[in-house]
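All remarks here apply to the structure that follows.
Derivation of every value follows stated rules applied to the coordinates shown; laboratory data play no part. The model shown is predicted, which means the values in this text are computed figures rather than measured ones. As a convention, Cβ positions derive from the backbone with ideal geometry for all residues, glycine included, and neighbour counts pool all protein chains shown.
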């Protein structure tokens, strides 16, 4: 089991990351299937390699002092994939938490699920809920798994919650919606990274992405290492964020 040590200011300076580190990073982990195909292997081989990449990126996010990391693990549209692939993804998710939960918990990582867990097989759902419950009081990195997640469905869910709570229409504002999303209580989303060269959001954190910066990388997710993660963050740090205002 490894203990994650935060980088010192001197270490951050050395790797070019001293300054405005994003508080909340979202990652669309794309390219597992293409990575496997290039190696004449089944898609599940790519998903397993992607799981190994995730281990390193979670650790690096913690060491950099990022407050929240949200990864797109399984969308509401992914149910349309072949049953064998879906079941393999469920197995890998369960395996990930069985292997990683002790290390994550020991390092103060808090597990958060974004999405509806009810449709999942009992073993998957139990694994996720156990990890969430075990780490709920941790105060380190919030590691958010977007699973059975779709942003449009999330917004519809938030609207229904607001309506059922009886809030008058003229009292509903942006803060009302934000506080009823899965991401309630998390820092504002600063940066979205998408791997494997695609340049779209694919129904990921649409509301939260209003003023986020986007960085697209051609690197497939299994090859997305700490060096590429740092490169994406350095790109973010070069941006001038205006939030709709004129900057002189």
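Pop the C-beta distance of residue 170 and residue 116 into the FRET formula with R0 = 35 Å and round what comes out to the nearest 0.05.
0.70
Modelling each spin label as a point 7 Å along the Cα-to-Cβ direction, I'd like the residue 225/residue 87 distance in nm, to one decimal.
The answer from the label model is 3.5 nm.
Rank-order 223-230, 24-31 by packing density, defined as the average count of other C-beta atoms within 10 Å over each peptide's residues, highest first.
The densest-packed peptide leads the list: 24-31, 223-230.
Remind me, relative contact order of region 108-248 in percent, using alpha carbon pairs under 8 angstrom and six or more residues apart?
The normalised contact order for region 108-248 reaches 20 percent.
For a quick protection proxy, order the peptides 114-127, 147-160 by their average other-Cβ count within 10 Å, most packed first.
147-160, 114-127
Per residue of the chain, what 222 nm ellipticity follows from adding -39500 (n - 2.57) for every DSSP H run with n ≥ 4, rounded to the nearest 500?
Dividing the helical sum by the residues of the chain leaves -13500 deg cm²/dmol.
For residue 102 and residue 55, compute 0.36 nm times the residue count separating them, minus their Cα-Cα distance, and round to one decimal in nm.
Extra length from residue 102 to residue 55 when fully extended: 15.6 nm.
Quick one: grab the alpha carbon gyration tensor of region 108-152, order the square roots of its eigenvalues as a ≥ b ≥ c, and give me rounded if a/c is under 1.5, else prolate or oblate depending on whether a/b is larger than b/c. Don't skip to the answer; put the middle values down first.
Values: a/c = 3.41, a/b = 1.38, b/c = 2.47.
Oblate shape, in that a/c is at least 1.5 and b/c is the bigger or equal ratio.
Tell me the relative contact order for the chain as a rounded percent, counting alpha carbon contacts under 8 Å between residues six or more apart.
Numbers: 378 pairs, mean separation 68.8, N = 248.
Relative CO of the chain lands at 28 percent.
When the Cα centres of region 130-176 and region 196-248 are compared, how far apart do they sit, in Å?
With region 130-176 and region 196-248 each reduced to a Cα centre, they are spaced 23 Å.
Would you please put 132-139, 71-78, 179-186 in order of how densely packed they are, using the mean number of other Cβ atoms within 10 angstrom per residue and starting with the highest? All intermediate terms of the calculation are to be shown ahead of the outcome.
On the way: 132-139: 13.1, 71-78: 19.6, 179-186: 16.9.
Per-residue Cβ counts within 10 Å, averaged per peptide and sorted highest first, yield 71-78, 179-186, 132-139.
What ranking of 79, 221 emerges when the number of other C-beta atoms within 10 Å of each C-beta is taken as an exposure proxy, fewest first?
79, 221
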